[in-house]
Amino acid sequence: MEDLADFTLDEYIESIPEFVRVAFSIACVLVGFSFFFVLYRVAHRPREILPSEKTYETIEQNKIRKGRSLPSLNDDSEVYLSVIIPAFNEIKRLPIMLTEAVDYLNAYRPKGDWEILIVDDGSKDQTTKVALDWARDRIDKKTLKDDQLRVCTLEVNRGKGGAVTHDADGASKFDNVSLLLEALQAREVDGLGIAGGSRAHMVSTDAVVKRSPLRNLLMHGFHTFIRVLGVSHIKDTQCGFKLFSREACRKIFPVMHIERYAFDVEIYLIAEMLNIPVQEVAITWHEVEGSKMNLVKDSLNMAWDLVLMRIGYTTGMWTLEESRHLKGS
């Protein structure tokens, strides 16, 4: 028998019976097809937006007004700044956060050319009622206008991305929005730009050092995964304090696939693919009690979403075409 070292790879393959080669090729195709089929079946897909979720409630003439249609991103802008505050079971922390936000906005934009939209992400408590009661009180005190604070209630919880970015915990100091506005205006090109709050400068502070070893380990592992994914230029993808130009929203949100905690990573990944300028801004941040994050479970979900994202965009299974669930929104 001839030594295998004397064979070239092509000669070795040719020496294998044809039926074996054909069977092997078919097996590879079937395995590949099965892999992508299973991946497609288990991959998270955003659910359809329900008709009621395209409406909002507000306070006007001291009464709750329901069923008003939410504006579309495709409409012309009516205000200078829209503040989106997703909330899930936030009856305790929401009023504190709203007070800080409205006090700052009244000082920063006294013309009142701003609005607040609270997205109640399927709360089990009275988050919507608390928000509207708070708005009525501020309108009575002449520090808020009619219809300036709106509440959109999602019938079923959609997760971090479905409710857009982060919960109403007030961990970021709201007056830092001026830093984001300044950075966005400096970085914006052709109406496109994102300014993202960053806590990367706080890595050696007590807020981070005093976290549990498990949480810090998972944090460093996540950041390593992010670099492998290709978003190495962003030091803090998960900070929920972000500012988008209207045109950037039009380009990014309709093509997204992730609704859970990896939502932020996909934002930056799509921005990079579409050449949308991004500027990170160091902000003031502190740890807030009452986090709804299940450390182990949510870390595993996030890792899975990152794997899906990598495979989805690499293979072309995910594209930058408008998602069916967001068309016309």
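Every number here is computed from the coordinates shown, using simple stated rules; none is lab data. On a predicted model such as this, the values are computed, not experimentally measured, just so you know.
Report, by chain and number, residues whose modeled amide H sits under 5 Å from the one on Ile85, excluding near sequence neighbours (fewer than 5 apart, same chain).
Leu117, Ile118, Val119
Given H placed on each backbone N at 1.01 Å, which residues far from Gln279 in sequence or on other chains put an amide H within less than 5 Å of it?
Result for Gln279 returns Ile194, Ala195, Gly196.
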